[in-house]
Amino acid sequence: MNPPEPLHMNKELPLRLSLLTVFFSLVMLSMAQTFRLTGTVTDAEGDPLVGANVTVVETGKGSTTDLIGRYAIDGLAAGDYTVKATTLGYAMPDQRLKLDKDTDLPIKLELAAIDLKEVAVAPKQSSSTTETIQALDVRTRPVNNSQELLQLVPGLFIAQHAGGGKAEQIFFRGFDIDHGTDLQVSADGMPVNMVSHAHGQGYADLHFVIPETIDKLYVHKGPYDARFGDFATSGTVEFQTKNSIDKSDVKVEAGMFNTRRAVAQIKLLDKKHLFSERKESAYIAGEYAFTDAYFNSKQDFNRMNLFGKYVGQLGERTNLTLSASTFGAAWNASGQVPQRAIDDGTIDRFGAIDDNEGGNTTRTNAYAILTNAMNNGGLFKNQLYFVKYDFNLFSNFTFFAADSVNGDMIAQTDDRKIYGYTGTYGRTTTLGGLPFRFNAGLGARYDQSDISLKNAIERVVFDTIVAGELDQLNANAYVDGTLSLTEKFRINAAARFDVFNFKYTDAQGIDSVSGNATQQRVSPKLNFTFDASDRVQIYLRTGMGFHSNDARAVVVDKASKTLPRAYGADLGTNFKPIPRMLVNLALFGLYLESELVFVGDGGVVETSNATQRIGIDFSLRYQIANKLFADIDVNAVQGRILDVPEEENLIPLAPNFTTIGGLAYKQDRGFNASLRYRHIADRPANEGNTVVAQGYFLLDAVASYRLMNLEVGVSAENLLNTEWNQAQFDTESRLSNEAEPVSELHFTPGTPFFLKGIVSYRF
């Protein structure tokens, strides 16, 4: 064997190594020499604009402003760039920027006419165009009172059936949600839904909100966002009030049926300061409303609202929000009427079998929000809130079916305190070299309430059916991450954990209906978004949610499904077929497990089978001309009860087809007008469709003229004077002259033609 040859260094090797070293050094240097563009986007008054899109045009990189108006764009090489900022109703000239270091660029946007050409279907860091659609609706759709706020939600219908002071019945995505069992509603981060409420689970009374104070509306369809837990099955609705007003204003309305309303918003701290020499704003708002309504028996409805809000920048990175409000309402009601009593002439459509129904309610709120921007670019938000709530309602749905002498009037009461905390942290960073958005949150809500159901005669209570003390705690936590695999493709994965402690103590000492139970629920989510182009976005959203059941049912039957799951999926697209048209189209499905429900009107526990809904959502927003806008929402759903015979598998009162739409002519001064329609098709009132809840088609119109700071207008509801039914039920009732109860359609008649005038003045 020959010995190995000695090693000899190739003379070219040092040169090659040197070149290789220089090459990698240049690569590393080029990677290191990227810069960050940050800043805050504000309006002309210096208030931060949330959800504005900031884009570096040459690179396509962008960001969406957070809760204090900040944006951050990473990975920019040195060079000359054009920076563009957009949000609906605001504009600015594109800014030129020479970038050679990390740079802070504050951006100020001026009010401008709405232009849908400037809206991107796939804004950077934003999930879809739905926020744009909602912002457009808030600006162009008239809202006459607080009970109509929910009708800003695309595809949502409401119905009132016990006077104007009570929460509305809600219909959405193929659900009869009653008063809120499967739709989570919040206002400024405070829960609106009431757990284990005297009148029904999830009761969501939004009347404490003054419509004129609303700034933003966020709608999240389905159980796909980890921030939302209890009741967020068909979806979630968030209302946010204005942080400031540019001018004070007063509004006076008067109309038919002895209707009148007055609203005032007063700007405070004009060139004055409370806690800081930095940017501060504060205002107060008040509302008074009264009407006798259109029933034969005067409703004597009156409502009073007071609201105040302060927003201040305490430091360069710290914002404080304080708010307090109080609300009170009282009313009489004619209730639901049976069709047979109208057919035989006992009453007319606007009459009553028992006109002693009605009630009163109050709600007082207070909250504080502290928002801190961290040095690492993260945002930390803490909110504390307190609610004091009272509710008294007298109803008579069955007349003399249970008590042929005294009648079947019931009294429901709820005396409640709610204490709550929500903390969130969010940060944009990188994961494996890819852009990554991380969010996490902690929360707790504690309800303490005295609730009861009693018999009554003409609002005089004489016998207790059930009464007791509720103590209910919900603690929760979630983590949420969005990874941008490419400039166009994002994956969002999240999980939420909720734990409930239900405690109910019967006031009469009945041990069999008292108890304590603890349940928990894990809700995973997985969502995908693909920005096919600037005009087309495709998404797939999947997730699990749940709604809690009444504590009085849970402690009696500690079954594993007292927090029934909801399994959902949405496959959809947002696109712009032409520059000034936005379209959303989605195919969705939702499966709900078996439920356990406490029926507040009867004081009993009922169970139901699993349900399934498959449907299509369609929304279109079109700017026909600079000041003329059109919109349409269509929802078609097939809903079924599972594991029952086919002839008994329809979901009572669940809408199968709805559509809403209209035209709006909108400008800052001069003439403004709106013409809108609502249509809901006939739907089954019971499982076998032997009783049908009747559909309707309605037209409403609003017209006004603004000259400088004065605006005069007129509003007309039900232009065609259509006879229509609001709330409708298949109810078994007995009239005083009947020997046996009869089951048939009972309903609350809808508003006939209604006209009112409006005058407002800004100062």
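Quick check: from the Cα gyration tensor, does the stretch 180-321 come out rounded (a/c under 1.5), prolate or oblate?
Oblate, because a/c is 1.5 or more while a/b does not exceed b/c.
I'm a student and want to see the number: the projected area of the Cα convex hull of the stretch 273-363, averaged over all directions, in nm².
8.2 nm²
Helix 13-32 sits at what angle to the longest principal axis of the chain, using alpha carbons and giving 0 to 90 degrees rounded to 10?
The helix 13-32 is inclined about 30 degrees to the chain.
Largest first and to the nearest Å, give the Cα extent of the chain along each principal axis.
The principal-axis extents, from largest down, are 117, 81, 49 Å.
When a/c reaches 1.5 or more, the comparison of a/b and b/c decides; with that in mind, is the stretch 33-112 rounded, prolate or oblate per its Cα gyration tensor?
prolate
Between Ala681 and Arg349, what FRET efficiency follows from the Cβ-Cβ distance if R0 is 25 Å, with the result rounded to 0.05?
Here the calculated transfer efficiency is 0.75.
When the dipole is taken about the Cα centre of the chain, and only Lys, Arg (+1) and Asp, Glu (-1) are charged at their Cβ, what size is it in debye, to the nearest 20?
3580 debye
How far is helix 130-140 tilted, in degrees, relative to the longest principal axis of the Cα atoms in the chain, given as a value from 0 to 90 rounded to the nearest 10?
60 degrees
Counting only helical runs of four or more DSSP H residues, what would the 222 nm mean residue ellipticity of the chain come to if each run contributes -39,500 (n - 2.57) and the total is spread over all its residues?
Taking each H run of at least 4 residues, the total per residue is -1500 deg cm²/dmol.
Using 0.36 nm per residue, how much length does the chain from Glu58 to Lys267 gain when fully extended, once their Cα-Cα distance is taken away?
Extra length from Glu58 to Lys267 when fully extended: 71.1 nm.
Considering the dipole of the chain built from charges on the beta carbon (Lys and Arg +1, Asp and Glu -1) around the Cα centre, which of Ser743, Thr607, Ile266 is farthest to its positive end?
Selected residue: Ile266.
Explain nothing, just the number: dipole magnitude of the stretch 33-112 about its Cα centre with +1 on each Lys and Arg Cβ and -1 on each Asp and Glu Cβ, in debye rounded to the nearest 20.
Computed about the Cα centre, the dipole is about 200 debye.
Cα gyration tensor of the stretch 120-268, axes a ≥ b ≥ c as square roots of the eigenvalues: rounded (a/c below 1.5), prolate (a/b > b/c) or oblate?
oblate
Read-outs throughout are calculated quantities, based only on the coordinates presented, and are distinct from any laboratory measurement. As the structure is a computational prediction, the values presented were derived from the model and not from experiment. FYI the Cβ positions are ideal-geometry reconstructions off the backbone, even for glycines, and counts take in every protein chain you see.
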